[in-house]
Every structure is written in C-alpha cells, then in structure tokens.
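Where a number appears in this text, it was derived from the coordinates with a stated rule and is not lab data. Every value quoted in this text rests on a predicted model; they were computed, and no experiment measured them.
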Amino acid sequence: MVVPAPREVDAIMKSVPAGKLITIQEIRAILAERHGATIGCPLTVGIFAWIAANAAEEDHKARRRGATAYWRTLKSGGFLNEKYPGGVAAHKQKLEAEGHAVIEKGKRFAVANFEQSLAVPRAGDR
C-alpha cells in the first residue's frame, strides 16, 4: 500500500481538465501504479483531497491563479463530496456549471453517467 504525499494527490486533481472528472478510486489506482504498489491508502488519499479542496477554495476566493478545480474530484461511484467547501450544494453548483448533470440517488447526489466523463480510464480498464 502506498501512502502518498499530499502534493501528489493535489497534482493529480489539478491535472483533470474542464469537463472531465476523476474519483478518489482512480487517484488511488494512479498512485499505486506510480509507486509499484497494489493499492493507494484510502484514508490518506481522502484526507489529502479534502485538504487540497479547502486550500483551493482559499485560492479561488483570493483570486490566485493555478488553484485546483477540486470539484472535478468525486467520491467513488460518482458521488459528490459533502466535506468539500460549501458542502454538496456548492459541489453540485460547480459541477453543473461545467455541464455535468447531477442526480439524486437515495439521500445522496451523484454525477449522472460519470464514467463517460472520467479523465483517466477506470482502474480495471487500463
């Protein structure tokens, strides 16, 4: 298992272009492949994504260039992250502004057909 550096997680999140998405699962797979491991640590990758999102929100508010478009990073299964700045409502708004359809799945929200917008092939498809 690889425990990545926070900057590695942020760099992957930054690499996702407008209109595309990535999930924590794909980030973990990329990190594992880069480090010759079988899996990326789910706990640290999730925490570092949260840290990157909050730091990026501060950058966006201060109008600094190069801030991470953290809203393009979803939870596994295409679900929105309630722990991102502004919660699900803000996450949904940012995704819809980029043309993604957000649907309700039970008590949670997810991007409809998120697989079609993934920036990288799913872990099993590589």
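With Kirkwood's inverse mean 1/r over C-alpha pairs for Rh, give me the Rg to Rh ratio of segment 33-74, two decimals please. All intermediate terms of the calculation are to be shown ahead of the outcome.
Values: Rg = 12.8 Å, Rh = 11.6 Å.
Rounded to two decimals, Rg over Rh is 1.10.
For segment 56-126, just list the percent of Cα-Cα distances falling in each 5 Å bin from zero outward, please. Here the calculated profile for segment 56-126 is 3, 15, 26, 23, 16, 11, 4, 1.
From the cross-link list LYS14/LYS105; LYS61/LYS83; LYS61/LYS107; LYS61/LYS92, which pairs have alpha carbons spaced over 25 Å apart? Don't skip to the end; give the middle numbers.
Values: LYS14/LYS105 27 Å; LYS61/LYS83 18 Å; LYS61/LYS107 30 Å; LYS61/LYS92 18 Å.
Those over the limit are LYS14/LYS105; LYS61/LYS107.
Computed on the chain, with alpha-carbon pairs under 8 angstrom and 6+ residues apart, the relative contact order is 29 percent.
In angstrom, the C-alpha Rg and Dmax of the chain are 13.8, 39.
Roughly what % antiparallel, to the nearest 5, for the DSSP beta bridges in the chain? Don't jump to the answer; show the numbers that get you there.
Details: 5 of 9 bridges.
Of the beta bridges lying entirely in the chain, close to 55 percent run antiparallel.
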